[in-house]
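The values are calculated or read from the model by the stated rules, or taken from the named source; none is laboratory data. This is a predicted model, so every value here is computed, not measured. Neighbour counts run over all protein chains shown; Cβ positions are idealised from the backbone, glycine included.
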Amino acid sequence: MSLLGFSQDFAAGFLHYAPAVLQIVFINVLLGGDNAIAIALACRSLPSHQRRAGVWIGTSIGIVLRFAMVYAIGFLLAIPYMHVVAGLLLAWIGMQLLREDGVAQAEAGDAPAAKALWRVVALILFADFAMSLDNGLATAAVAETLPAGSRVAVVLAGLTVGAPAIALGSAVMLRVIERFPLVIWLGSALLGWIAADMLLADSHVARVLRDVADALGDGAGNEWLVRVLVCVAVAAFVLFVPFMQRVGLRRWRAG
């Protein structure tokens, strides 16, 4: 095949699959905002010279995890209470990110810098797993419309192209957190809200929610209200536990 023929075939193939790639990029940028916040919150505890590495390692692992999730989504969603597990895991991560800085520093004080970095990466990995269910489901829906022979390449291209946006979002969030520490609490509250939303996405929990709403009357309206109250309660709980930990630690230090 001549170079011109190859170029024409490549251009035709690119134009054919470009819409699917752009859809996957859009999905990952839109749904990856939560991941960017989680990465930024986790990396804030690292020394400044390690933060960029933490962001890029966390983002890269996220690409691999979401790629695997696209092909494992059917199996994962078939596991009973999978959304409940993911929601509880994300709520735990939200509380971990708000741990007393003094406690975290005391634990990491004697540990090598590399150990602290990989501990943060592990936290990002858990957060990515918990938040990748909806991402994987949306990406899998796009992948199903593609020929079997091109799915892997197109999905991988879409995830890779969208990665810099997530990394950039994490870097910007780190700058914002440094300037406005209150954002840490707002970010953890957001993770708590998302965790509650995941819990409510489980079919068993959703059934209980509908029963409660029906018992209160005006099912649809009350179902929305109960859903909001549950999300607010979980977000408040995620903030309350670390706050009480800080209060207890300060009292202990004061004697």
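The set of residues in the range 176-202 that are assigned to a loop (DSSP other than H, G, I, E, B) and farther than 16 Å from residue 239 by Cα comprises 180, 202. Within the range 123-134, can one find any residue that is more than 16 Å from residue 57 (Cα to Cα) and either free of Cβ contacts under 8 Å to residues at least 24 places away in the same chain or in contact with a Lys or Arg (Cβ under 7 Å, 6 or more places away or on another chain) (or both)? Checking the range 123-134: at least one residue is more than 16 Å from residue 57 (Cα to Cα) and either free of Cβ contacts under 8 Å to residues at least 24 places away in the same chain or in contact with a Lys or Arg (Cβ under 7 Å, 6 or more places away or on another chain) (or both).
Residues are listed down the side, and each one gets a yes or a no for (1) outside any helix (DSSP H, G or I); (2) within 21 Å of the chain's Cα centre (by Cα); (3) without any contact (Cβ under 8 Å) to a residue 12 or more places away in the chain:
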residue: 150; (1), (2), (3): no, no, no
residue: 161; (1), (2), (3): no, yes, no
residue: 174; (1), (2), (3): no, yes, no
residue: 214; (1), (2), (3): no, no, yes
residue: 228; (1), (2), (3): no, yes, yes
residue: 233; (1), (2), (3): no, yes, no
residue: 237; (1), (2), (3): no, yes, no
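Taken over the range 124-148, the criterion of being β-branched (Val, Ile, Thr) and in a helix (DSSP H, G or I) is satisfied by 124, 139, 142.
Condition check for residue 213 on (1) surrounded by 14 or more Cβ atoms within 10 Å (Cβ to Cβ); (2) modelled with pLDDT of 85 or more; (3) over 23 Å from residue 177 (Cβ atoms): one failure, at (2). On inspection, residue 154 passes the criterion of being crowded, with 19+ Cβ neighbours inside 10 Å, among the aliphatic types (A, V, I, L, M), in contact (Cβ under 8 Å) with a residue 60 or more places away in the chain and over 30 Å from residue 46 (Cα atoms).
The residues on offer are 122, 104, 86, 113, and the sole one that is at pLDDT 80 or above, surrounded by fewer than 17 Cβ atoms within 10 Å (Cβ to Cβ) and not hydroxyl-bearing (Ser, Thr, Tyr) is 122. When residue 251 is tested against (1) loosely packed, with under 15 Cβ neighbours inside 10 Å; (2) within 30 Å of residue 70 (Cβ to Cβ); (3) free of Cβ contacts under 8 Å to residues at least 40 places away in the same chain; (4) not hydroxyl-bearing (Ser, Thr, Tyr), only condition (2) is not met.
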